[in-house]
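J.: Before I ask anything, let me first share the structure, which is written out below as structure tokens.
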Amino acid sequence: MSNCSGYAEGCVGNETVSGDTLADASMDMLHQALGIVLASLLAMVVFSLGCTIKVDKLWSHLRRPWAILVGLLCQFGLMPLTAHLLSLAFAVRPVQALAVLIMGCCPGGTISNIITYWLDGDMDLSITMTSCSTVLGLGMMPLCLYIYTRFWMDKGSINVPFFNIGVTLITLIVPVACGAFVNYKWPKAAKTILKVGSVLGSLLILVIAIASVALYKGSWNTDTSMVIIGVIFPLIGYAAGFIIAIIVRQPWHRCRTVAMETGAQNVQICSTVLQLSFPPEQLVFMFIFPMIYGVFQLSSGLLLVAVYQTYKRVAVQKPEDTTALGHLQGNPSHSNGQGEVNVTFENDQSVIPVKEDASESFQI
């Protein structure tokens, strides 16, 4: 026991308390600084996303919104429900379930546009769905969270900071609108901004990974159930989106597009919402899940690309298989001009422009 008074400067016990207080203050400052960095990077990434929006293309799809409605139904109907059921099935902690739910309620990510490009999907539809889900996420994410977290909130297990989440989402609308305006007024500059945004998106993921190691050291020792959910969740999204698009009789290229838009969530938005809305002691259990989901949504998406490209080569080598060739020829991004290529790759030297039916396509 210490014999010094509570006001003695040389007391070892007080030095320990002061050291702990200083450490806590430093962690709080780092927590706030990380929140500012993530919010700033996310704003620039979302701004670059807005630069992909073309008003005429958007209006064209909104006039015939069936495919968009199917995609949004999968995005804000199927994915949150799947997240809720997976959380119950694996009996994860309430704060972990909240991380899974927020991931499921997030809008589509830009990775879906890239994978859709390699799957010969409808790029116009992909970009439109990503943009619409980002805007609608402002209201749909809090609504879905309110619906599906009642199970835990009624028990007093968790307290969902709806206000903080809402403020974070509202701040995303401004950069999206600004990006769309830039694309409308200065389309060439928008293409450059889009490439910069792709780099910033990768940087944001890197910052999230480093932060999870530095600030939330226990987050990497996550439960096995969270890893399993992170593996199967995007696969369920891809499969369910594809099946639902088939049920409503969408063309094959749009089925592939809806599948990608359903399973590929915006990991950056999820991580930023978690960082800005929850205290560090809860983030230890929550912050790693978006990283797990992001890794497996990308790896499974690339696997689907490999399978599809292999299938396409086999189909092309067998011209008598008219059904397979018909599916490939029905792709709007490369034949009839209904879709649009991913402008991220437009100026790459490895890409050679080819003219087909008065539309610009690309051959890798």
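J.: Would you calculate the volume per residue, in Å³, of the smallest convex hull containing every Cα atom of the range 42-177?
T.: Dividing the Cα hull volume of the range 42-177 by its residue count gives 112 Å³.
J.: If R₀ is 25 angstrom, what is the calculated FRET efficiency for the pair GLN309 and VAL227, using the beta carbon separation as r and rounding to 0.05?
T.: 0.30
J.: Which order do peptides 250-259, 50-59 fall in by mean Cβ count within 10 Å, highest first?
T.: 250-259, 50-59
J.: Roughly how many nanometres apart are two label points built 7 Å out from the Cα toward the Cβ at THR171 and ILE247?
T.: Modelled inter-label distance: 3.9 nm.
Just so you know, all these numbers are worked out from the coordinates, no wet-lab data involved. Keep in mind that what you see is a predicted model, and the values were worked out from it rather than measured. Glycine also receives a Cβ, built like all others from the backbone with ideal geometry; neighbour counts cover every protein chain displayed.
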